[in-house]
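Visitor: Quick one: structure below, then a few questions.
The values are calculated or read from the model by the stated rules, or taken from the named source; none is laboratory data. Everything numeric in this text was worked out from a predicted model, so none of it was measured. Cβ coordinates were reconstructed from backbone atoms using ideal geometry, including for glycine residues, and neighbour counts include every protein chain displayed. We work out accessible area using only protein heavy atoms, side chains counted, and drop any ligands, DNA or RNA first. Shrake-Rupley method; radii C 1.70, N 1.55, O 1.52, S 1.80 Å.
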Amino acid sequence: MFSERSRQVSGLVLVAVTAGIFCSCTSVTQGQSAGKATVEVKPWGQADGQQVQLYTLTNAKGMKAQIMSYGAIVTSLTAPDKNGKMDDVVFGYDNLDSYVKNSPYFGAIVGRYGNRIARGKFTLDGTDYTLATNDKNVNHLHGGVKGFDKVVWDDE
């Protein structure tokens, strides 16, 4: 379904773009700082027999984002409220197993299709396509049974 090269490139782009925007830095390597911004990488378990990494990106003002390589899911975003008190504003789980076993798409990357395709069928250029119906066995939801949110993305 996903080619090895597309997974490598997509995973790299995700982390590079997130690090560049969130940390306002041009290059960050594993565990090193770029100015006052940092990116830390640590193992966070296994899914589909593959190691899952958890990235923690911190900017100069103490804001943190945590993104795992399973589904490119944002697991945490710590941001200040109007009084400057830092708090996690992302709804999700505290461990990988919960995302794997029971994920209602919390923090997930939007995959091939975000939303539902009615009755799991569509026509394109005169050809009829039938998709997996993973939404109450009626509709196709967010890319199907194994969408982008259930893939271990290669990271570099």
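Visitor: Please list, ordered by first then second residue, the pairs with beta carbon atoms under 6 Å, 6 or more apart or interchain, first in segment 80-101 and closer than 22 Å to Q46 by Cβ, second surrounded by 13 or more Cβ atoms within 10 Å (Cβ to Cβ) and of a type in the set (V, I, T).
Guide: Here the result reads G92/T75; L96/V52, each pair linking segment 80-101 to a residue that is surrounded by 13 or more Cβ atoms within 10 Å (Cβ to Cβ) and of a type in the set (V, I, T).
Visitor: Checking F148 against (1) of a type outside the set (K, R); (2) surrounded by 12 or more Cβ atoms within 10 Å (Cβ to Cβ); (3) without any contact (Cβ under 8 Å) to a residue 12 or more places away in the chain, which single condition isn't satisfied?
Guide: Unmet condition: (3).
Visitor: Next up: Can you tell me which residue is least open to solvent (accessible area, probe 1.4 Å) among those in segment 98-113 that are within 10 Å of D149 (Cα to Cα) and at pLDDT 85 or above?
Guide: Y99
Visitor: Based on what the data block shows, is V90 open to solvent by 50 Å² or more (accessible area, probe 1.4 Å) and of a type outside the set (G, A, S)?
Guide: Spelling it out, it is not the case that V90 is open to solvent by 50 Å² or more (accessible area, probe 1.4 Å) and of a type outside the set (G, A, S).
Visitor: If the Cβ limit is 7 Å and pairs must be 6+ apart or interchain, which residue in segment 47-72 that is in contact (Cβ under 8 Å) with a residue 60 or more places away in the chain and at positive phi pairs with which residue that is β-branched (V, I, T) and open to solvent by 10 Å² or more (accessible area, probe 1.4 Å)?
Guide: Final answer for the pair search is G71/I109; A72/I109.
Visitor: Looking only at residues in segment 114-142 that are at positive phi and part of a loop (DSSP other than H, G, I, E, B), which one is most open to solvent (accessible area, probe 1.4 Å)?
Guide: Of everything passing the filter in segment 114-142, K136 is most open to solvent (accessible area, probe 1.4 Å).
Visitor: While we're here: Of (1) among the aliphatic types (A, V, I, L, M); (2) more than 11 Å from the chain's Cα centre (by Cα); (3) at pLDDT 95 or above, V90 satisfies all except one. Which?
Guide: Tallying (1) among the aliphatic types (A, V, I, L, M); (2) more than 11 Å from the chain's Cα centre (by Cα); (3) at pLDDT 95 or above, V90 fails exactly one: (3).
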